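Asks: Just dropping this structure here.
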Protein chains: 4
Amino acid sequence: MRFRPAMQDTAAPLGVVATGGTLDKLYFDALSAFSCGEPAAPELLKKAGADHPVGVTGVCRKDSLELTDDDRAAILTAILARPERRILVTHGTDTMPVTAGFLKGKTGDKTVVLTGAMQPALMRETDAPFNIGFAAAATALLAPGVYIAMNGRIFEAGKVRKNRDAGRFEVA
Amino acid sequence: MRFRPAMQDTAAPLGVVATGGTLDKLYFDALSAFSCGEPAAPELLKKAGADHPVGVTGVCRKDSLELTDDDRAAILTAILARPERRILVTHGTDTMPVTAGFLKGKTGDKTVVLTGAMQPALMRETDAPFNIGFAAAATALLAPGVYIAMNGRIFEAGKVRKNRDAGRFEVA
Amino acid sequence: MRFRPAMQDTAAPLGVVATGGTLDKLYFDALSAFSCGEPAAPELLKKAGADHPVGVTGVCRKDSLELTDDDRAAILTAILARPERRILVTHGTDTMPVTAGFLKGKTGDKTVVLTGAMQPALMRETDAPFNIGFAAAATALLAPGVYIAMNGRIFEAGKVRKNRDAGRFEVA
Amino acid sequence: MRFRPAMQDTAAPLGVVATGGTLDKLYFDALSAFSCGEPAAPELLKKAGADHPVGVTGVCRKDSLELTDDDRAAILTAILARPERRILVTHGTDTMPVTAGFLKGKTGDKTVVLTGAMQPALMRETDAPFNIGFAAAATALLAPGVYIAMNGRIFEAGKVRKNRDAGRFEVA
């Protein structure tokens, strides 16, 4: 495995590609339902005082169980269209491994890290800011490729699954 | 710069050495004052569902402006005594660069990453969980050495300062 | 309108009858859905250091749109069975006026105040603790009868509706 | 004790007189200290969707241990100058009973309720929104006079003390 020189890259611009998922869920009283709102990642990066440029592309606002092949193609297009070399993809957890597998081998010299949350960013007890921080570091420190950052771990695309009963990701 | 193979290391045990700082501040009504409480990092790792062993050594509970040479020696001793190869040091921000400089070159084959927070972990708007996530990833992905992880960036020990007026860390 | 002597009554035991609603919503990752969890009101009273006995009866855990006539009969039974003279009913907002109208005139010498939330208690930005505080005061200070406490106001049962588009309660 | 007709008064305009205290404490990283910031009460009322006019006078931003006789005179002046008949005073807890005693008998036909918090409004676990909700209800439902609303209870001015060791208010 190849790594990038970290000292220069953590200051490099970061591209965020947002697709929805639990991370971005709001509660809409008028619907008595939770739906995906504005991407939460940029705000979390700002709150942490992240001292590098951040660009954002919102692809969709979906539960990942609802993502179609067309959505995945649009995610890939968005990643390739962003000028940054490191890309953070926020994504629902249920099919995150599917999307990572789809992207694998297609993102050239970019380092692409997918992350999400088990609890929405707007809840008092949430894994969202930790995960965004963990994944942001991974985009800077890992070699080009596609990865999932969840549960304080890095998984390679194609070698990971979500264990829904246990509520965590594991090597597949 | 040398990196470790990430896929195995993010599942490796993580040692936390806690020293106090803003990250750990509580409000004590009986004193009408904020003081450092229990180390917040282990709870933040747990809340994020970090799926690797976490060990903790509490060295002190101080504002970093109050840290003495003896405290820094104790921090080094604690790092060396911990069995893990990757160590997260939670520390007040004001003298974090001083401690990093002190530790530099003395921690053998361990990867040591210092982090902290500008706002206490117990506040609603805090950079603490992002920073702990970012730093945890760095402990797994960086080569042995001493680093500071703040503002979504990695700084090498000896080449970083806190810009107090701007409220951020920068290359020195 | 008749009021109770406040100085003695705010220390009096408070009965909580919980029925679910947005106030109590949790996010269940395994279902990718929000459902009602444990009643939040007792925890909110405890966090506020409420210095009087609190008793709780959980009747159901439902969105208020799903409440049936049987549920409303069970709510009334629970209110009458509780030993306290002041009762806080936590309830979804959509049919809160319906339940208040159903209870009106049936609760004897008890002061019954219904409240809920537009945003779940577990979210970072929520009206839940304010509403519970407001309603708790109302249970102590209002004469026997049935009331709704929402939007920082008191409404009498039978004279209130929820304006769903505006997201607030108003006199009907 | 005399009470006001509640149904009309909870929609009446509410005046807030802010003096600082734990409720309003922020953490200033540049000082490594907590100090009082903007009054938190108006934001808490807004977040709760309080559906009545709210006016605010900021008198000072002090720990209540630092309040002088001049400050208390200024608090009284601010209360009398506000056009609303119901006034919420946010105040540090340590000398809240002193200020309540000072105000007693001087506020004419206004209902004046002092409240505060044991933990700052900006902390994740805080009694602030509950207390503001409780006190707001009390300003509408109690007869003219001066009261303290803390710990889910109402205390009359002149008959209350803070038990600092126990961290709660009690009848004196």
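Asks: Take the Cα of B:Arg124, step 7 Å along the line toward its Cβ, and report every residue of region C:27-70 whose backbone nitrogen sits under 11 Å from that point.
Replies: The answer is none.
Asks: List, shortest first and in nm to one decimal, how far the label point of A:Gly108 (7 Å from Cα along Cα→Cβ) is from its counterparts in the other copies.
Replies: Distances to the matching label points in the other copies: 4.5, 7.4, 7.8 nm.
Asks: Quick one: among C:Pro129, C:Pro83, C:Pro120, which has the greatest mean-square fluctuation in a GNM of chain C with alpha-carbon springs under 10 angstrom?
Replies: Answer for the Gaussian network model of chain C: C:Pro83.
Asks: My understanding is that a pair violates if its Cα-Cα distance is over 30 Å; which of A:Lys25/B:Lys159; A:Lys46/C:Lys25; C:Lys106/D:Lys104 do that in this structure?
Replies: As for pairs spanning more than 30 Å Cα to Cα, those are A:Lys25/B:Lys159; C:Lys106/D:Lys104.
Asks: Please report the projected area of region C:38-108's Cα convex hull averaged over all directions, in nm².
Replies: Across all orientations, region C:38-108 yields a mean hull projection of 5.0 nm².
Asks: Distances from A:Glu38 to the same position in the other copies: list them in nm, one decimal, shortest first, using label points 7 Å from Cα along Cα→Cβ.
Replies: Relative to the other copies, A:Glu38 has label-point distances of 1.6, 3.3, 3.5 nm.
Asks: Expressed as cubic angstrom per residue, what is the convex hull volume of the alpha carbon set of region B:93-158?
Replies: Per-residue hull volume (Cα only) is 75 Å³.
Asks: How large a share of the accessible area of chain C, in percent, is made up of carbon and sulfur atoms when the probe is 1.4 Å and the other protein chains stay in place?
Replies: So the carbon and sulfur contribution to the accessible surface is 52 percent.
Asks: Moving to a separate point now. What 222 nm value per residue comes from the helices of chain D, counting each DSSP H run with n ≥ 4 as -39,500 (n - 2.57) and dividing by all residues, nearest 500 deg cm²/dmol?
Replies: Dividing the helical sum by the residues of chain D leaves -7500 deg cm²/dmol.
Asks: Given the protein assembly as shown, what percent of its DSSP beta bridges are antiparallel, to the nearest 5?
Replies: Roughly 40 percent of the DSSP beta bridges within the protein assembly as shown come out antiparallel.
Asks: Percentage of Cα-Cα pair distances in the protein assembly as shown greater than 36 Å, rounded to whole percent?
Replies: 46 percent
Asks: Take the alpha carbon atoms of region C:67-112, find their center, do the same for region B:86-106, and report the distance between the two centers in whole angstrom.
Replies: Going from one Cα centre to the other spans 59 Å.
Asks: Since chains D and A are linked by a rotation, which residue in D has the beta carbon closest to its axis, and how far is it in Å?
Replies: Result for the D and A rotation: D:Arg124, 3.
Asks: Restrict the search to region C:20-127; then list the GluC sites (Glu not before Pro) that DSSP places in a loop and that have at most 12 other Cβ atoms within 10 Å of their Cβ.
Replies: Qualifying residues, ordered by number: C:Glu125.
Asks: Just to confirm the numbers: A:Gly167, label point 7 angstrom along the Cα-Cβ line, distances to the other copies in nm, shortest first?
Replies: So the distances to the same position in the other copies read 2.6, 2.8, 3.3 nm.
Asks: Let me ask another. Relative to 2.2 N^0.38 Å, what does the C-alpha radius of gyration of region D:121-172 come to as a ratio? Two decimals please.
Replies: 1.20
Asks: Using a Gaussian network for chain C with springs between C-alpha atoms less than 10 Å apart, which of these wobbles most: C:Thr93, C:Thr19, C:Thr107?
Replies: Maximum among the listed residues: C:Thr107.
Asks: For the protein assembly as shown, with only Lys/Arg (+1) and Asp/Glu (-1) charged at the beta-carbon, what is the dipole magnitude about the Cα centre, in debye rounded to 20?
Replies: Roughly 0 debye for the protein assembly as shown.
Asks: Now for a different question. Using Cα atoms only, what is the angle between the long axis of helix C:128-141 and the major principal axis of chain C, expressed in degrees (0 to 90) to the nearest 10?
Replies: Its long axis makes an angle of about 20 degrees.
Asks: Between A:Ala172, A:Thr111, A:Leu76, whose Cα lies farthest towards the positive end of the dipole of region A:66-172 when Lys and Arg beta carbons carry +1 and Asp and Glu beta carbons carry -1, centred on the Cα centre?
Replies: A:Thr111
Asks: Compute the FRET efficiency between B:Thr68 and A:Thr77 as 1/(1 + (r/R0)^6), taking r as their Cβ-Cβ distance and R0 = 51 Å, and round to the nearest 0.05.
Replies: Computed FRET efficiency for B:Thr68 and A:Thr77: 0.35.
Asks: What is the Cα convex hull volume of chain C when expressed per residue in Å³?
Replies: Each residue corresponds to 112 Å³ of Cα convex hull volume.
Asks: Only Cα pairs within less than 10 Å get springs; with that Gaussian network setup on chain C, which residue of C:Ala74, C:Ala30, C:Ala117 has the largest fluctuation?
Replies: Of the options given, C:Ala30 has the highest mean-square fluctuation.
Asks: At 1.4 Å probe radius, can you tell me the per residue accessible area of the protein assembly as shown in Å²?
Replies: Result: 35 Å² per residue.
Asks: In Å² (nearest 100), what accessible area is buried between B and A, both sides summed, heavy protein atoms only, 1.4 Å probe?
Replies: 3100 Å²
The values are calculated or read from the model by the stated rules, or taken from the named source; none is laboratory data. All values derive from a computational prediction rather than experimental measurement. Glycine also receives a Cβ, built like all others from the backbone with ideal geometry; neighbour counts cover every protein chain displayed. Just so you know, the surface numbers come from the protein's heavy atoms only, side chains and all, with ligands and any DNA or RNA stripped out. Shrake-Rupley method; radii C 1.70, N 1.55, O 1.52, S 1.80 Å.
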